[in-house]
Amino acid sequence: MAAAPRRPEYWNRLFSATQALHWRNLPVCIALTAGAVVMLLPFLWMFSASMRPTGEAYQLPPNFLPDRISADAYLKVLNSPIPFLRMYANSLLVAAVTTAGVALTSATAGFAFARLKFRGKSTLFALCLVGFMVPPSLLLVPLFFGFAATGILDSIWALILPGLASSLGVFMMRQFMLNQPRELEEAALIDGANYLQVFLKVSLPQMGPPIAALSIITFTQSWNNFVLPLVLTRKAETMTLPVGLLSLADAYGDFSLAALMAAVTMAVTPLFIVFLIGQRFIIESVTHSGLKG
């Protein structure tokens, strides 16, 4: 007797999800689905507007399916006098270096606050948390005059340096380490390892999920940062994408809506990719650190 064909894995997952959908959860599922659709509609319209001719972009009522698909808007953005690709590279450089800096400083500071004993630790951690209470806009004037005095105003470093440390990151790493068992670290100390070796070989591998989550949050914040680049940069060669999009809209009064939507679509695409790849790390990190929304 021939064996029954094995059911594909994706079919098993779909079948399990259908079984888990109880009728009592149906209203919640419908409400969540409706909310997801409402949140996705602006993005769908943005992408649709970028793929249609200029005249159809202003069509009322809005139509999500273009009559004719065209990539002219993307070519118009890439061939515009505004250095869009240079701004793209600037955003990527600032976000990548800022993310690496926050991950490094937060992991080391979180380990120190959670594991080391030194005088003034509680006071220093409380001062670190003051960063939660200070609105970023209050730091713009000191940063502007400080960078002007040091000669790095209107440069990439003026956008990178303020973001290399994060109070949220230090708090997340400390809370995560406090919830981790100390047995492995104590065993390493008994075997003769120093604290740097314990951090690199025992604690840092445990911090993978929260570091990944923090990296995603930091990358997103840095990529979307608008006010700081607007104040600290003037040259188009040092601008990032949020300010560059404003320049695209301001430089040409007749700049088409389709081209602007094409630029926005290209700007948000890396964020979608980063979020889709690392969303599970954010959930795991929030669960382990005890943060509540």
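The values are calculated or read from the model by the stated rules, or taken from the named source; none is laboratory data. Owing to the predicted nature of the structure, the values given are computational and were not obtained by experimental measurement. Virtual Cβ from ideal backbone geometry, glycine too; neighbours counted across all protein chains shown. Quick note on the areas: whole protein, heavy atoms, side chains included, nothing else; ligands and nucleic acids left out. Shrake-Rupley method; radii C 1.70, N 1.55, O 1.52, S 1.80 Å.
When both residues are 6+ apart or on different chains and their Cβ atoms are under 7 Å apart, which pairs have a first residue that lies in segment 100-121 and is under 17 Å from A188 (Cα atoms), and a second that is of a type in the set (S, T, Y) and open to solvent by less than 50 Å² (accessible area, probe 1.4 Å)?
Pairs that qualify, where the first residue is under 17 Å from A188 (Cα atoms) and the partner is of a type in the set (S, T, Y) and open to solvent by less than 50 Å² (accessible area, probe 1.4 Å), are F111/S203.
Determine which single condition P27 fails, assuming it passes every other condition in (1) in a helix (DSSP H, G or I); (2) within 24 Å of L248 (Cβ to Cβ).
Only one criterion in (1) in a helix (DSSP H, G or I); (2) within 24 Å of L248 (Cβ to Cβ) is unmet by P27, namely (2).
Here's the yes/no breakdown for (1) on the phi < 0 side of the Ramachandran plot; (2) in a helix (DSSP H, G or I); (3) loosely packed, with under 14 Cβ neighbours inside 10 Å:
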site: E56; (1), (2), (3): yes, yes, no
site: P66; (1), (2), (3): yes, no, no
site: L75; (1), (2), (3): yes, yes, yes
site: A103; (1), (2), (3): yes, yes, no
site: S137; (1), (2), (3): yes, yes, yes
site: L140; (1), (2), (3): yes, yes, no
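For A212, indicate whether it is over 14 Å from the mean Cα position of the chain (by Cα), of a type outside the set (D, E) and at negative phi.
For A212, the condition - over 14 Å from the mean Cα position of the chain (by Cα), of a type outside the set (D, E) and at negative phi - is not met.
T99: under 23 Å from F226 (Cβ atoms) and of a type in the set (S, T, Y), yes or no?
It is true that T99 is under 23 Å from F226 (Cβ atoms) and of a type in the set (S, T, Y).
Suppose we keep only residues that are more than 20 Å from A107 (Cβ to Cβ) and of a type in the set (F, W, Y) within segment 183-233. Which one would you say is surrounded by the fewest Cβ atoms within 10 Å (Cβ to Cβ)?
Once the filter is applied, the top-ranked residue is F226.
Pick from segment 150-182 the residues that are without any contact (Cβ under 8 Å) to a residue 24 or more places away in the chain and closer than 25 Å to L214 by Cβ: which of them is surrounded by the most Cβ atoms within 10 Å (Cβ to Cβ)?
Only one residue fits best here, namely L161.
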